[in-house]
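The values are calculated or read from the model by the stated rules, or taken from the named source; none is laboratory data. Quantities reported herein were computed from a predicted structural model and do not represent experimental measurements. Backbone-built Cβ (ideal geometry, glycine too); neighbour counts: all protein chains shown. The protein model used for the area step is the full one, side chains on, heavy atoms only, and it has no ligands, DNA or RNA in it. Shrake-Rupley method; radii C 1.70, N 1.55, O 1.52, S 1.80 Å.
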Amino acid sequence: MNLRARAVFISFGVVAALFAASSSRAEEFPTRPIKLVVPYAAGGPTDVLGRLVAEFLGRDLKQAVFVENKAGAQGAIGAEAVARSDPDGYTLFVTAASIIVLNPMLYKKLPYDPVRDFRMLALVTDLPVVMEVHPSVPAHTVAEFVAYAKQNPGKINFGSAGTGGTIHLAGEMFKQMAGVDMVHVPYKGAGPALTDLLSGNIQVMFDTLSTALPPVKSGLVRPLGVSSAQRSPDLPDVPTIAESGYPDYRVSVWYGIAAPAKLPDEIAQKISASLERALNDDAFRASLEKIGFPVFRPRSAAAITEFIDADRARWSGVIKAQNISLD
């Protein structure tokens, strides 16, 4: 065998060995605990969601899955940590619409690129927001609220968990579609905003379903509409904002599971298959629905991309029209 032939033979051998090693790693995965990064503080709804996902994956993959909270900067701190982690399947990410869709539109500089740095493995849940008012507001329907707001321009305050978040932009989208003048009051979290709504310091809030349900059920605030395409099973008597005269109004707070972009296909398929089993598992679905998270059914990678692209297009117009920037 001449030197050239020997070199070719050795090259093929190296490639074959690397492929075999890669296949072996995929077959054996996971051989050690998996970290699931939640980019928000412990104890919040996203943290609870992450822990329920981690619990199912741990049982299904027969390996420990633990949650690590990396909060701050609208989720950017956790996102950067995952983007820079090894793409070996041992670091996963509970991601959200704000991280994948909104942050890139609101910040000129981000420490991560949602398209380049992440591989979406599953969409888990899609929460609508509830348009809710203080009982002192003389409106029981969206139409009555719009009429009242037009009679009192600039006198109605709507609160949010902070500038640029979904709750804020839900209010901006409503302002834009209804042609009303409301004043945005940002808070450091949804909790303080809800407290001021309950006390009457602000008049309206577009809150996520899971946090809106307790005060709505208690009669402390009045729901006028939900932002989903269909009525919520949790609030069947509350119409959608779309059916209340604004057919293009659609807002959701979605969460999914992602991994570093260069995760090998074989390992990605193994994790995705486990997540699909979770989304089809009655007990898992019930555990999320019990705390206000409606659960998706499994979607293909193409369907996930289509969903995210539609969400991106929906918010782009609102952010540009209002000239919202967080830099």
Could you pull out the residue among 174, 145, 158 that is outside any helix (DSSP H, G or I), open to solvent by less than 40 Å² (accessible area, probe 1.4 Å) and either more than 19 Å from residue 237 (Cβ to Cβ) or out of contact with any His (no Cβ under 8 Å at 6 or more places or on another chain) (or both)?
-> 158
Conditions (1) open to solvent by less than 10 Å² (accessible area, probe 1.4 Å); (2) touching an Asp or Glu at 6+ places or on another chain (Cβ under 9 Å) -> residue 288 fails only (2)
Subset of the range 271-285 (residues that are surrounded by fewer than 17 Cβ atoms within 10 Å (Cβ to Cβ) and among the basic types (Lys, Arg)) = 277
Within the range 128-149, is there a residue that is touching a helix residue (DSSP H, G or I) at 6+ places or on another chain (Cβ under 6 Å) and at pLDDT below 95?
-> yes
Please tell me if residue 198 is out of contact with any strand residue (DSSP E or B) (no Cβ under 8 Å at 6 or more places or on another chain), modelled with pLDDT of 95 or more and surrounded by fewer than 15 Cβ atoms within 10 Å (Cβ to Cβ).
-> no
Residues satisfying the stated conditions in the range 42-53, i.e. within 15 Å of the chain's Cα centre (by Cα) and more than 15 Å from residue 64 (Cβ to Cβ) | 44, 45, 46, 47, 48, 49
What is the number of the single condition among (1) small (Gly, Ala, Ser); (2) assigned to a helix (DSSP H, G or I); (3) surrounded by 12 or more Cβ atoms within 10 Å (Cβ to Cβ) that residue 317 does not meet?
-> (3)
Within the range 219-233, can you find the residues that are open to solvent by less than 60 Å² (accessible area, probe 1.4 Å) and part of a loop (DSSP other than H, G, I, E, B)?
-> 219, 221, 227, 228, 232
Could you tell me which residue of the range 61-99 is most open to solvent (accessible area, probe 1.4 Å), considering only residues that are of a type in the set (D, E, K, R) and more than 23 Å from residue 265 (Cα to Cα)?
-> 70
Qualifying residue in the range 77-97 (condition: among the small types (Gly, Ala, Ser) and without any contact (Cβ under 8 Å) to a residue 24 or more places away in the chain) | no
Residue 73 versus (1) under 16 Å from the mean Cα position of the chain (by Cα); (2) modelled with pLDDT of 90 or more: which is the lone unmet condition?
-> (2)
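Assess whether residue 60 counts as being assigned to a helix (DSSP H, G or I), more than 30 Å from residue 190 (Cα to Cα), at pLDDT 95 or above and not β-branched (Val, Ile, Thr).
On the way: assigned to a helix (DSSP H, G or I): yes; more than 30 Å from residue 190 (Cα to Cα): yes; at pLDDT 95 or above: yes; not β-branched (Val, Ile, Thr): yes.
The answer is yes for residue 60.
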When the residues of the range 295-308 are filtered to those that are of a type in the set (D, E, K, R) and touching a helix residue (DSSP H, G or I) at 6+ places or on another chain (Cβ under 9 Å), which remaining residue is surrounded by the fewest Cβ atoms within 10 Å (Cβ to Cβ)?
-> 297
Look through the range 234-260, keep the residues that are in a loop (DSSP other than H, G, I, E, B) and among the aromatic types (Phe, Trp, Tyr), and return whichever of them is most open to solvent (accessible area, probe 1.4 Å).
-> 246
Residues of the range 133-165 being more than 18 Å from residue 185 (Cβ to Cβ) and hydrophobic (A, V, I, L, M, F, W, C), which ones?
-> 139, 142, 143, 146, 147
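Could you tell me which of the residues 121, 102, 36, 110 is in contact with a helix residue (DSSP H, G or I) (Cβ under 7 Å, 6 or more places away or on another chain), in contact (Cβ under 8 Å) with a residue 40 or more places away in the chain and open to solvent by 10 Å² or more (accessible area, probe 1.4 Å)? Please lay out each step first, then the result.
Details: 102 fails: open to solvent by 10 Å² or more (accessible area, probe 1.4 Å); 36 fails: open to solvent by 10 Å² or more (accessible area, probe 1.4 Å); 110 fails: in contact (Cβ under 8 Å) with a residue 40 or more places away in the chain.
From the options 121, 102, 36, 110, the qualifying one is 121.
Just to be sure before I move on: is residue 57 among the aliphatic types (A, V, I, L, M) and either touching a Gly at 6+ places or on another chain (Cβ under 6 Å) or surrounded by 20 or more Cβ atoms within 10 Å (Cβ to Cβ) (or both) in the structure I sent?
On the way: among the aliphatic types (A, V, I, L, M): yes; either touching a Gly at 6+ places or on another chain (Cβ under 6 Å) or surrounded by 20 or more Cβ atoms within 10 Å (Cβ to Cβ) (or both): yes.
Answer is yes for this residue.
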Residue 215 fails exactly one of the following numbered conditions: (1) in contact with a strand residue (DSSP E or B) (Cβ under 8 Å, 6 or more places away or on another chain); (2) in contact (Cβ under 8 Å) with a residue 40 or more places away in the chain; (3) within 20 Å of residue 319 (Cβ to Cβ). What is the number of that condition?
-> (3)
